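> Here it is: the structure, laid out below.
Every number in this text was worked out from the coordinates using simple rules, so none of it is lab data. As the structure is a computational prediction, the values presented were derived from the model and not from experiment. Note: ideal-geometry Cβ built from the backbone for every residue, glycine included; neighbour counts use all protein chains shown.
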Amino acid sequence: MPQLTDPDLARAVETVYETGVGLSEPDIGAVLRLPDDEIGAALEAAHRVRVRWCGPEVEVEGIVSVKTGGCPEDCHFCSQSGLFASPVRGIWLDIPALVEAARQTAATGATEFCIVAAVRGPDDRLMTQIREGVAAIRDAVEINIAASLGILTQDQVDELVAIGVHRYNHNLETARSLFPTVVTTHTWDERFDTLRMVRASGMEVCCGGILGLGETIDQRAEFATQLASLAPDEVPLNFLNPRPGTPLADAEVLDARDALRAIATFRLALPRTILRYAGGREITLGDLGTRDGLLGGVNPVIVGNYLTTLGRPADRDLALLDELKMPVKALSSSL
Ligand code: SF4
């Protein structure tokens, strides 16, 4: 079995395994700086931690966008911003299409269906559509419903709880110290406030971000620590997939070894969290990444298309899980 050579770090990692409490920020930085020949040891340690604290099952999720593109915000990585000359334009999905997407998602064996809208926060029109859409899905399909609608007010948080949304996704995206260079139309703290309200409401918190936005290793460690402070139920970890027309169109794609270090690190920082890696993994890691990522402490898989770029076809992901002998999680009995 590969070993970490730094005895203090090896002890800290073993403590994560024993206690289920994540690494401290300095130790997170140390894992992010491991030499190439210790990446395998870190991934193996992350895998042990996942199996011990999250169980062997993999959660499969589907995602649908009810409003794509035309967002008034300026997140520099996002092709859905209406402020850049990117090819994605505003499109709204109607309720029958939403129910059909939920049905198709459930048919893949997925347990979670997330409704996403590219907005700063929901207006009355969107809240009405969500209210009606969630009711129609609950009538027709047996699946957990999650939502991702941007920055919320307390009233909107309360309404989402009342209509039965069981998980809310809102990403911090990056470290607080880097955020103002990547987004200027709202603040990191506005995002954090929404997450605090969601956490207090009893909805599950899904909160992640994107690596490769120009953050230093210290800022990557800062971000992992800030995420851990929220104790999120789920963390989607993305790697920047530079989109044409966005300010980060020419950014360099994260090195595959750095991506694998990050996968191991985030698991060791968040031992009990569902860790999912989504958009960008094809270009950064390819099939190797899916394999090593799953074995490196990642739980769920998103099936089908991502929001604005084509993801892997669902059957390829499901076949890989079968090959790796990873059972797909059954639908939660808490529905
Ligand atoms: S990340 Fe969200 S808030 Fe930012 S531009 Fe994209 S859709 Fe809008």
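> Would you please put 118-130, 100-112 in order of how densely packed they are, using the mean number of other Cβ atoms within 10 angstrom per residue and starting with the highest? The partial results should precede the final answer.
Numbers: 118-130: 16.8, 100-112: 19.8.
Those peptides, ordered most packed to least, come out 100-112, 118-130.
> Also, I was wondering about something else. Under a Cβ-only charge scheme (Lys and Arg +1, Asp and Glu -1), can you give me the dipole magnitude of the stretch 63-142 about the Cα centre, in debye to the nearest 20?
On the way: 7 positive and 10 negative charges, 24 e Å.
The dipole of the stretch 63-142 has a size of about 120 debye.
> List the residues whose amide H sits under 5 Å from the amide H of Phe239, counting only those 5 or more places along or on another chain, with H placed 1.01 Å from N in the peptide plane.
Long-range HN contacts for Phe239: Leu211, Ala278, Arg281.
> With a ≥ b ≥ c the root eigenvalues of the C-alpha gyration tensor of the stretch 135-270, is it rounded (a/c under 1.5), prolate (a/b larger than b/c) or oblate?
Values: a/c = 1.78, a/b = 1.74, b/c = 1.02.
Since a/c reaches 1.5 and a/b is larger than b/c, the shape of the stretch 135-270 is classed as prolate.
> Mind checking which of Thr105, Val64, Thr174 is farthest towards the positive end of the stretch 64-208's charge dipole, using Cβ charges of +1 (Lys, Arg) and -1 (Asp, Glu) about the Cα centre?
Thr174
> Quick one: dipole size for the stretch 155-251, taken about the Cα centre, charges +1 on Lys/Arg Cβ and -1 on Asp/Glu Cβ, in debye to the nearest 20. Can you show the working numbers first?
Working: 7 positive and 14 negative charges, 38 e Å.
Dipole of the stretch 155-251, to the nearest 20 debye: 180 debye.
> A further question on this structure: Ranked highest first by the average count of other Cβ atoms within 10 Å around their residues, in what order do 243-252, 195-204, 266-275 fall?
On the way: 243-252: 15.5, 195-204: 17.1, 266-275: 25.7.
Highest mean packing first, the order is 266-275, 195-204, 243-252.
> Can you check what the net charge comes to around His186, using other residues whose Cβ is under 15 Å from the Cβ of His186 (Lys, Arg +1; Asp, Glu -1)?
On the way: positive: Arg120, Arg176, Arg191; negative: Glu73, Asp74, Glu173, Asp189, Glu190, Asp193.
Here the count lands on -3.
> Give the shape of the stretch 1-74 as rounded, prolate or oblate, defined through the alpha-carbon gyration tensor: a ≥ b ≥ c are the square roots of its eigenvalues, a/c under 1.5 means rounded, and otherwise the shape is prolate if a/b is larger than b/c and oblate if not.
Details: a/c = 2.59, a/b = 1.83, b/c = 1.42.
Prolate, since a/c reaches 1.5 and a/b exceeds b/c.
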